[in-house]
């Protein structure tokens, strides 16, 4: 453990908010959900529709109606890697309900989350209390090839002559699959990637300019809390900001504080460390993907995005095949019409997003 700050002034309060306080992490809980989804056969391109949705939660017809931040929706299908980057709540709840009630609870517990979690629909949005220390440790497997490491407060004690009186071992436990852990890490790097912006901005956009090395992470917020949790290959850091009396936060003025603290600490804490990239295990492939179609990219389709996949799960078709199919369909429709249509443009800007995996 590199550092622990339990409050802003020990003289005013000895209460340690890292080890004692439990607060809802909001969307910072979503990486565990999407790891569970990978175990169920999802890929970063698996899509759901982002739109206002009423979810029936029992046989009595009761509904749960979450909303996206600012009530902003794609009103279209979006892939899972984009849903994480922009923190789409509808996508998260659909995923949670598709997986079943226990998948997320079991995945979080495997990562080291010791809180008593209930498998309710809103768990996907991080509505249940978790300690800051637990959430930090829970992100460890994503940064460490699926291996969990228990937080250690005292590494070594020596006497005045340098003799080691006590030294703590830090055993690791393989709790997650290395390949799936890397895929989630790659998705969390998208949190800071403005090229992932589509119908709304990625949630880490405000601090992307403060980062000078590869980092992955996820922010989270409730009416009363602001979180930023993330890591490099060498360091995992969590920041929570809020009020002890559970006052609502003014997110317009205070919502970015946790992100700025996190970015500054990561920069200073890694100042003397090598700027390492995340290294994919042998079972991961990197593929150039066309954002419009979700197929393999090509110059004819425009700028592609590099996406990590477990071996055997990346798309096999090229986006050029989709363009050719659309062109053929358009030509057929034109031949069937009696009236002349305006000349078709080379690219089909009004086409629907189709996310194939074959």
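Mind listing just one residue for me: the one in segment 192-244 that is in a helix (DSSP H, G or I), at pLDDT below 95 and in contact with a strand residue (DSSP E or B) (Cβ under 9 Å, 6 or more places away or on another chain) and, of those, surrounded by the fewest Cβ atoms within 10 Å (Cβ to Cβ)?
Applying the filter and picking the extreme gives 195.
Given the conditions (1) touching a residue at least 24 places away in the same chain (Cβ under 8 Å); (2) in contact with a strand residue (DSSP E or B) (Cβ under 9 Å, 6 or more places away or on another chain); (3) part of a loop (DSSP other than H, G, I, E, B), which single one is not true for residue 277?
(2)
Which of the residues belonging to segment 70-87 are surrounded by 15 or more Cβ atoms within 10 Å (Cβ to Cβ) and in contact (Cβ under 8 Å) with a residue 60 or more places away in the chain?
Once the filter is applied, which keeps residues that are surrounded by 15 or more Cβ atoms within 10 Å (Cβ to Cβ) and in contact (Cβ under 8 Å) with a residue 60 or more places away in the chain, segment 70-87 yields 73, 74, 77, 78, 79, 80, 81, 82, 84, 85, 86, 87.
Given the conditions (1) more than 24 Å from the chain's Cα centre (by Cα); (2) loosely packed, with under 14 Cβ neighbours inside 10 Å; (3) assigned by TED's automatic domain parsing to the domain that holds residue 230, which single one is not true for residue 9?
All conditions are met except number (3).
Kindly indicate the residue of segment 280-290 that is in contact with a strand residue (DSSP E or B) (Cβ under 8 Å, 6 or more places away or on another chain) and touching a residue at least 60 places away in the same chain (Cβ under 8 Å) and also surrounded by the most Cβ atoms within 10 Å (Cβ to Cβ) among those meeting that condition.
Taking segment 280-290 first, the residues in contact with a strand residue (DSSP E or B) (Cβ under 8 Å, 6 or more places away or on another chain) are 280, 283-290.
From the residues that got through so far, the ones that are touching a residue at least 60 places away in the same chain (Cβ under 8 Å) too are 280, 283-284, 289.
Working: 280: 18, 283: 15, 284: 21, 289: 25.
Looking at the filtered set, the residue picked out is 289.
State which residue is nearest to the chain's Cα centre (by Cα) when the search covers only segment 41-55 and only residues that are in a loop (DSSP other than H, G, I, E, B) and in contact (Cβ under 8 Å) with a residue 24 or more places away in the chain.
Step one: list which residues in segment 41-55 are in a loop (DSSP other than H, G, I, E, B), which gives 41-46, 51-54.
Filter again for in contact (Cβ under 8 Å) with a residue 24 or more places away in the chain, leaving 42-46, 51-53.
Numbers: 42: 14, 43: 13, 44: 11, 45: 14, 46: 14, 51: 19, 52: 21, 53: 21 Å.
Restricting to residues being in a loop (DSSP other than H, G, I, E, B) and in contact (Cβ under 8 Å) with a residue 24 or more places away in the chain, the top hit is 44.
Does any residue of segment 299-320 turn out to be closer than 28 Å to residue 2 by Cβ and either surrounded by 17 or more Cβ atoms within 10 Å (Cβ to Cβ) or in the same structural domain as residue 81 (by TED's automatic domain parsing) (or both)?
Scanning segment 299-320, I find at least one residue that is closer than 28 Å to residue 2 by Cβ and either surrounded by 17 or more Cβ atoms within 10 Å (Cβ to Cβ) or in the same structural domain as residue 81 (by TED's automatic domain parsing) (or both), so the answer is yes.
The values are calculated or read from the model by the stated rules, or taken from the named source; none is laboratory data. Since we're looking at a predicted model, the values are computed, not measured. Quick reminder, even Gly has a Cβ in these numbers, built from the backbone with ideal geometry, and neighbours come from all protein chains shown.
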